[in-house]
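Undergrad: Submitted below is the structure of interest, expressed as structure tokens.
The values are calculated or read from the model by the stated rules, or taken from the named source; none is laboratory data. For clarity, every value in this text was computed on a predicted model and none was experimentally measured. All Cβ positions, glycine included, derive from the backbone under ideal geometry; neighbour counts span all protein chains shown.
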Amino acid sequence: MKLRELAHARTGDKGNLVNISLIAYNEANYLLLEQHVTAERVTRLFSPLITRPVERFCVPGLGALNFVLHRPPAESVTRSLALDAHGKTLSYALLNMDIDSAEP
């Protein structure tokens, strides 16, 4: 099952920081997100693009997980030569994550 079937995402960019919020469609989905979408898995997913491990913050009252990614300074959204270095592109990559075989 793709993560996009359980949640949607919102993002924000500030220099070399990317903030990705993963918001469950319902309460049962939030529990699956919390269990399967770990900071370690997200770090592995984005490892070629980031300089530090991903930080994860749980926001159960909103049914959301918030991930903070640190990019190299030269890869900040305003300095990168990449065609679309914005967080919204990274959120689509996260939503494509398969959680059927996720490590709890």
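Undergrad: Just to be sure, is Phe46 surrounded by 13 or more Cβ atoms within 10 Å (Cβ to Cβ) and either of a type outside the set (Ser, Thr, Tyr) or modelled with pLDDT under 80 (or both)?
TA: Criteria met by Phe46.
Undergrad: Got a sec? Which of Thr43, Thr11 is closer than 13 Å to Ala93 by Cα, out of contact with any Phe, Trp or Tyr (no Cβ under 8 Å at 6 or more places or on another chain), in a strand (DSSP E or B) and among the β-branched types (Val, Ile, Thr)?
TA: The unique qualifying residue is Thr11.
Undergrad: For region 20-30, give me each residue that is farther than 10 Å from Ser91 by Cβ and either small (Gly, Ala, Ser) or in a strand (DSSP E or B) (or both).
TA: Ile23, Ala24, Ala28
Undergrad: Considering only residues of region 33-43 that are farther than 11 Å from Leu69 by Cα and in contact with a helix residue (DSSP H, G or I) (Cβ under 9 Å, 6 or more places away or on another chain), which is surrounded by the most Cβ atoms within 10 Å (Cβ to Cβ)?
TA: Among residues in region 33-43 that are farther than 11 Å from Leu69 by Cα and in contact with a helix residue (DSSP H, G or I) (Cβ under 9 Å, 6 or more places away or on another chain), the one surrounded by the most Cβ atoms within 10 Å (Cβ to Cβ) is Val37.
Undergrad: Another one. Contact list please: Cβ distance under 6 Å, first residue in region 52-76 and closer than 15 Å to Arg41 by Cβ, second residue outside any strand (DSSP E or B) and not hydrophobic (A, V, I, L, M, F, W, C), pairs at least six apart or on different chains.
TA: Cβ pairs passing all conditions: Pro53/Thr43; Val54/Thr43.
Undergrad: Moving on. Does Asn29 satisfy the criteria of being of a type in the set (S, T, N, Q), out of contact with any Phe, Trp or Tyr (no Cβ under 6 Å at 6 or more places or on another chain), at pLDDT below 95 and within 20 Å of Ile99 (Cβ to Cβ)?
TA: In short, yes.
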